[in-house]
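**Student:** Structure incoming, see below.
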Amino acid sequence: MAHFTVIGLGRFGITTSLELIHLGHTVTGIDIDEKLAEQYASDLTQTLICDATDERAMAELSLHDSEAVIVAIGEDMQASLLCVLNLKHENVSNIWVKANSQAHHTILSKLDVARIIHPEEEMGVRVAQALNYPMVNDY
Ligand code: ATP
């Protein structure tokens, strides 16, 4: 069992969080939107309302307790990048980030994060593989 922090509880972030919980891990979910933090408070280990672009607010969280921090802020590239810089500043080493565009990917690739995630592309590959092997339907 490990502990994870997921920043951004949109469709991608909450799906990842709930699956980690399902797999037996503990998850801290963070969102700037208090409605989302409240909505998922009982589903996740804990939820926090925090602006991930706020360096001081982020420094107050115990981010080092996490095996990995997943940045699931997609649309607002500026917020995603500032969040990554804050995590770097806190010496978080295992950072996984969802990228929404090529520009986002290019900048992230210079920031030395552990993994850049492209949900649509990665899912497209998995769907093609599932169509190629219709007997295996585990995507
Ligand atoms: P998805 O496709 O997964 O629904 P998305 O790629 O459209 O998400 P957004 O909806 O822009 O991405 O962001 C995901 C979540 O991140 C939202 O719930 C939003 O409130 C949250 N978020 C955005 N900016 C910040 C921030 N500065 N700090 C914390 N959370 C944030």
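Values quoted throughout were computed directly from the atomic coordinates according to the rules given, and no laboratory measurement underlies them. This is a predicted model, so every value here is computed, not measured. Methodologically, a virtual Cβ is constructed for each residue, glycine included, from the backbone with ideal geometry; neighbour enumeration extends over all protein chains shown.
**Student:** So which of 73, 30 is part of a loop (DSSP other than H, G, I, E, B) and of a type in the set (Val, Ile, Thr)?
**Tutor:** Checking each option against the conditions leaves just 73.
**Student:** If you don't mind, there's one more thing I want to ask. Assess whether residue 90 counts as being among the acidic types (Asp, Glu), touching a residue at least 12 places away in the same chain (Cβ under 8 Å) and in contact with a Phe, Trp or Tyr (Cβ under 8 Å, 6 or more places away or on another chain).
**Tutor:** For residue 90, the condition - among the acidic types (Asp, Glu), touching a residue at least 12 places away in the same chain (Cβ under 8 Å) and in contact with a Phe, Trp or Tyr (Cβ under 8 Å, 6 or more places away or on another chain) - is not met.
**Student:** Right, something else. When only residues in the range 57-83 that are among the charged types (D, E, K, R) and farther than 20 Å from residue 111 by Cα count, which is nearest to the ligand (Cβ to nearest atom)?
**Tutor:** 60
**Student:** Contact list please: Cβ distance under 7 Å, first residue in the range 55-69 and touching a residue at least 12 places away in the same chain (Cβ under 8 Å) and assigned to a helix (DSSP H, G or I), second residue of a type in the set (S, T, N, Q) and surrounded by 15 or more Cβ atoms within 10 Å (Cβ to Cβ), pairs at least six apart or on different chains.
**Tutor:** 55/86; 58/86; 63/5
**Student:** While we're looking at this one, here's another question. So residue 86 clears everything in (1) away from the ligand (no atom under 14 Å from the Cβ); (2) within 20 Å of residue 4 (Cα to Cα) except one condition, right? Which one?
**Tutor:** Status for residue 86: all satisfied but (1).
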